[in-house]
Amino acid sequence: MRSAFGVTLLGAGMALASTPVSSLIAQAGNKLLTVPNRFIVEFQSSADLPQTRRSTGAPENIYESLRERKISFDIHHEYNSPGLFVGVSLTLNNAQDVASLRSTAGVVAIRPVKLFDRPSPIDFKNVSDSDSGLPDSEGVHIITGVDRLHAQGITGHGVKIGIIDTGVDYTHEYLGAGFGPGFKVAGGYDLVGDAYTGANMPVPDADPLDQCAGIGTHVAGIIACNPNNPFNVSGVAYDAEIYAFRIFGCLGGSAEDVIVAGLLKAADADMDILTLSLGGLGGWTEGTAAVVASRIAASGKIVTIAAGNAGDAGPWYSANPGNAIDAISVASSDSPIIPLQSLTLQGSMHAPIVYFSSLPLPVNGSLPLYATSKNTTVADDACNPLAASTPDLSTFVVLVRRATCAVTVQLAHLAAFNASVALIYDDGTGFTTAISVGKFKAVLIQASDGVFLAQQLATGTAVNVTFPQEGALVQFPDPKGGLVSAFTSYGPTEDLFFKPAITAPGGHILSTWPVPLGGWALLSGTSMATPFMAGSAALLLSVKGKSAEVVATARSVFQSTANPLASSHTDGALVQTTTQQGAGLIQVYDALFATTIISPAELLLNDTAHFVGTQKFAVTNTGKSPKTYTLKHSPVGTAVTVPTGSILPASGGPIPLSADYASVSFDEETFTLNPGQTHEVVATFTPPQVDATTFPVYSGFIHVVSDAEDVHASYMGLAASIIDKAVIDTSTEALGIQLPLLDDPSGTNEAANYTFVNGDEPFLLWRLAFGTAVLRVDLVTADTTLPGAVHGRGIVPIFTFPQSQNGGTFSNINVVGPILEHDYAPRNDGTSSQDLNFVSGLNMTNTFANGTVIPNGSYKVLIRALRVTGDPDKEADYDAWLSQTMGVFVT
């Protein structure tokens, strides 16, 4: 991104209909998604250039060409992996030099350096060895078939896995307690150092030890934790070799040029598998990290990457770099069990009561129970200050019903009477839904248990509560176990690729944690599902070998043998859309021993304007006896991605599913294959007849069934034309004000002239209702008009970075100069969360994007966004918005 503005991404908490524009402007910090003036520049392969710097392979002739033109720059990373990526990340000291850089001989592409947040689990619970009172059933291994492979001695021996993450605490006893050849963590590299935050300079060294961040250690345990530990958990491939490539420090995030360096370093170290439990704003298959990850995968490596944890943001939002075309993007399913604690009762006959915590509540002795209300249906229990007659609660365990107000509000009212320990019983919101209690000693219990306790107190029974500090661990069945985790980001990509690819266990996963931070932790996220997939791939390679064919077909093998998941446990529930579960829950044993192979396992039908209704895939019998196959069509819920009458994608919860299915016919429904034979299946699809304005994504599976096996190919299509999806949000849905908006600092929309002194500058707000491959903001002459409300005419070709020339035309419109250009911009998030991508804003300066000064005069602001699949040279394929007149008067 290049801009004459300070790019601001406002949190949704600011974006309320009642919030004045002045408040939005005032609260807007410089929360950049890119590093200012830093770019990743791809060169032609060093083998194709006449001069190279021998030490690094960086083409010195390109640097000399830049210096000769007085282009000043600072180099951060040089990349020399011929066949994968040759280039450099650099900061330009003058923004207007981008155009000169782009035109330099030998430069293939220039992309901005994006910023990535550190991996952040959906929930986190620290666990100690004292919780190991009951053996873990390893439920996630049972539901995926990993336990059967372990029983046969298949544990990943001889496979090298590169973890590109926060580093690993290799001092952990169950991660080998050492580093280097002969240890479980056999090598790696720290690319950043402890103090790196993404906003400062990395300080690399050869030691990837992490004892401050944790996610990489949790990832390593999911892959390779040694068995026979206090919790009886084990890594999926616990005999694999781990290599840690650290790209995050103790705090903050990481820049994309560091991530690319980590990817290439792992590939150059000859890893068999690379895994990344990270993700940024998505939707597109583009971005340097995604491009490099895809090339590495295509070169003969398996690359697994998290699909993202933005399920509430709705469809078309799968994360990057997980959208890399040839990588395996991994969704999460909830574990069938959660290790929780239990309390005991005195004075009442009742089994121990489970409470939602992995650690015992630190309360000693037996305390009497007191209820703020004995009415078990009260909706506002403790939402208001407690009655003055309430006793001193310091010696009680207080029972309170989860209510319409925040839990923190309830606890504050309890604390006013000196309460410090509380049981909050569920009101139907969900027992396994985390609550925020601050430093208060409060835990959630199930609704039925809370009702029982309240009723006991109502009958006059005196009840005491004890929280055992040892031996009270319970393996609690997760009511959502075996379903796709609600937090998993939805695809497909905005360029209609099949993401995520597959689902693996990622909800409530117990694994290793840095020793100084407790040693063990229970986490949830696609960051946990991704290493499960990586470990599964290691089991595949340890059995079938590492040939190019095995690696190239790994994703298809896992997808074709996966188990499709329902959207809920309700009777008659639709099967979950493939846009969230991919091909289904991984079945590792079946994948390793399948004798029916499908290729390809993804059938992309595209949209109605580019419909590919006839699909072909090959079925091969690799078994030792003839097999007769029958083809069966199994549709899944069609994702209604845009609510009727809305411009914005569905958000805030599960995407609505409909039973509007595609129909499929086959050239022949039954066929027989001898060992080694291959048959080509021809399937002809007819999209469902549905409301195209809801942009429904239909999908399903073509099952290939024999007596012994049931494998499938997954398909996906859009029952609309994607170019019809509006990009610029012109509604009032998100903010309660008309967008886009050009305003003055006061938010009164009265000022028309700006001096750019003491904050006297215009502010531009906009939202994207869909992603765009080209987003451009230009300053145009004051007499400019648009023939339509949103759609412009006569757009000239647009390029992805600022060009050397100013001006241009938009029909008969005079473009004075560029303000911002952004390629492959994701849509804005439509939820009420604190997502930084909720709304976009620009603080204007008095310079164009190329650094030249804007002359004094009267202008308008023109926003243009190319619709998906649109032709950059075709004016009708853009959305456009034109502001009111503004004046630039700089003295």
Legend entry - In the stretch 23-70, the residues that are β-branched (V, I, T) and either touching a Phe, Trp or Tyr at 6+ places or on another chain (Cβ under 8 Å) or at pLDDT 50 or above (or both): I25, T34, V35, I40, V41, I62
Legend entry - Criterion (more than 20 Å from P119 (Cβ to Cβ), surrounded by fewer than 24 Cβ atoms within 10 Å (Cβ to Cβ) and assigned by TED's automatic domain parsing to the domain that holds L274) met by exactly one of V515, V550: V550
Inset, instruction - Select from the stretch 619-665 the residues that are aliphatic (A, V, I, L, M) and not in a strand (DSSP E or B) and write down the one among them that is farthest from E494 (Cα to Cα). - result: A659
Legend entry - Flag for A534 being more than 25 Å from Y317 (Cβ to Cβ), of a type outside the set (D, E), modelled with pLDDT of 95 or more and in a helix (DSSP H, G or I): no
Inset, instruction - Restrict the check to the stretch 426-447 and report whether at least one residue is of a type outside the set (K, R), assigned by TED's automatic domain parsing to the domain that holds D380 and in contact with a His (Cβ under 7 Å, 6 or more places away or on another chain). - result: no
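Conditions tested, residue by residue: (1) under 30 Å from G870 (Cβ atoms); (2) in contact with a Lys or Arg (Cβ under 8 Å, 6 or more places away or on another chain); (3) not assigned by TED's automatic domain parsing to the domain that holds G652.
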site	(1), (2), (3)
E494	yes, yes, yes
F498	yes, no, yes
A501	yes, yes, yes
G507	no, yes, yes
S511	no, no, yes
T526	no, no, yes
L540	no, no, yes
K544	no, no, yes
Inset, instruction - Taking the residues in the stretch 273-299 that are among the hydroxyl-bearing types (S, T, Y) and at pLDDT below 95 as candidates, determine which candidate is surrounded by the fewest Cβ atoms within 10 Å (Cβ to Cβ). - result: T285
Legend entry - Selected residue (only one of A683, A726, A734 is surrounded by 15 or more Cβ atoms within 10 Å (Cβ to Cβ) and in a strand (DSSP E or B)): A683
Legend entry - Number of positions in the stretch 630-676 that are of a type in the set (D, E, K, R) and within 20 Å of E709 (Cα to Cα): 3
Inset, instruction - Restricting attention to strands (runs of 3 or more DSSP E) lying wholly within the stretch 739-857, give those where 3 or more residues are touching a Ser or Thr at 6+ places or on another chain (Cβ under 9 Å) and at pLDDT below 85. - result: 813-825, 839-844
Inset, instruction - Return the pairs, sorted by first residue and then second, in which the second residue is acidic (D, E) and in a helix (DSSP H, G or I), the first residue lies in the stretch 241-270 and is in contact (Cβ under 8 Å) with a residue 60 or more places away in the chain and over 21 Å from G178 (Cα atoms), the beta carbons are less than 6 Å apart, and the residues are 6+ apart or on different chains. - result: none
Legend entry - First in the stretch 694-710 and within 12 Å of A659 (Cα to Cα), second anywhere and assigned to a helix (DSSP H, G or I), Cβ under 7 Å, 6 or more apart: V697/T579; S699/T578; S699/T579
Legend entry - Search result, residues across the stretch 341-355 that are surrounded by fewer than 18 Cβ atoms within 10 Å (Cβ to Cβ) and in contact (Cβ under 8 Å) with a residue 40 or more places away in the chain: T344, Q346, G347, S348, H350, P352
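Matching residues to (1) assigned to a strand (DSSP E or B); (2) among the small types (G, A, S); (3) surrounded by fewer than 22 Cβ atoms within 10 Å (Cβ to Cβ); (4) not assigned by TED's automatic domain parsing to the domain that holds R38:
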position	(1), (2), (3), (4)
T155	no, no, no, yes
Y174	no, no, no, yes
V192	no, no, no, yes
T197	no, no, yes, yes
V236	no, no, no, yes
A244	yes, yes, no, yes
Inset, instruction - Please work out which one of (1) of a type outside the set (A, V, I, L, M); (2) under 24 Å from V550 (Cα atoms); (3) crowded, with 20+ Cβ neighbours inside 10 Å is the condition T595 fails and give its number. - result: (3)
Inset, instruction - Give just the number: which of (1) more than 22 Å from the chain's Cα centre (by Cα); (2) surrounded by 22 or more Cβ atoms within 10 Å (Cβ to Cβ) does V219 not satisfy? - result: (1)
Legend entry - Test: residue in the stretch 280-287 that is β-branched (V, I, T), closer than 12 Å to I163 by Cβ, in the same structural domain as Q587 (by TED's automatic domain parsing) and out of contact with any Gly (no Cβ under 7 Å at 6 or more places or on another chain): no
Legend entry - Single residue of L585, L631 found to be assigned by TED's automatic domain parsing to the domain that holds R148, touching a Ser or Thr at 6+ places or on another chain (Cβ under 8 Å), at pLDDT 95 or above and among the hydrophobic types (A, V, I, L, M, F, W, C): L585
Inset, instruction - Determine, yes or no, whether L274 is over 25 Å from N309 (Cα atoms) and not in a loop (DSSP other than H, G, I, E, B). - result: no
Legend entry - Failed item, numbered, when C250 is tested on (1) in a loop (DSSP other than H, G, I, E, B); (2) farther than 23 Å from N309 by Cβ: (2)
Legend entry - Count - residues of the stretch 657-679 that are of a type in the set (G, A, S) and surrounded by fewer than 16 Cβ atoms within 10 Å (Cβ to Cβ): 4
Legend entry - Matching strands (runs of 3 or more DSSP E) fully within the stretch 356-467 where at least 2 residues are touching a residue at least 12 places away in the same chain (Cβ under 8 Å) and touching a helix residue (DSSP H, G or I) at 6+ places or on another chain (Cβ under 7 Å): 366-371, 397-401, 421-425
Legend entry - Tabulated pairs, the stretch 62-78, first free of Cβ contacts under 8 Å to residues at least 60 places away in the same chain and in the same structural domain as T91 (by TED's automatic domain parsing), second part of a loop (DSSP other than H, G, I, E, B) and of a type in the set (A, V, I, L, M), C-beta under 9 angstrom, 6+ apart or interchain: I62/L49; I62/A105; S65/I71; S65/A105; I75/A58; E78/A58
Inset, instruction - Determine which member of the set K627, K632 is touching an Asp or Glu at 6+ places or on another chain (Cβ under 8 Å) and of a type in the set (K, R). - result: K627
Inset, instruction - Run T429 past the list (1) under 18 Å from the mean Cα position of the chain (by Cα); (2) surrounded by fewer than 19 Cβ atoms within 10 Å (Cβ to Cβ); (3) of a type in the set (S, T, N, Q) and report the number of the one that doesn't hold. - result: (1)
Inset, instruction - Can you tell me which residue within the stretch 639-653, out of those that are buried (at least 19 other Cβ atoms within 10 Å of the Cβ) and in contact with a Gly (Cβ under 8 Å, 6 or more places away or on another chain), is nearest to Y698 (Cα to Cα)? - result: T641
Inset, instruction - Take the residues in the stretch 853-877 that are under 30 Å from V890 (Cβ atoms) and among the hydroxyl-bearing types (S, T, Y), then tell me which one is surrounded by the fewest Cβ atoms within 10 Å (Cβ to Cβ). - result: S858
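The values are calculated or read from the model by the stated rules, or taken from the named source; none is laboratory data. Predicted, not measured: the structure shown is a model, and the values here were computed from it. Heads up, the Cβs are rebuilt from the backbone with ideal geometry, glycines too, and the neighbour counts pull from every protein chain shown.
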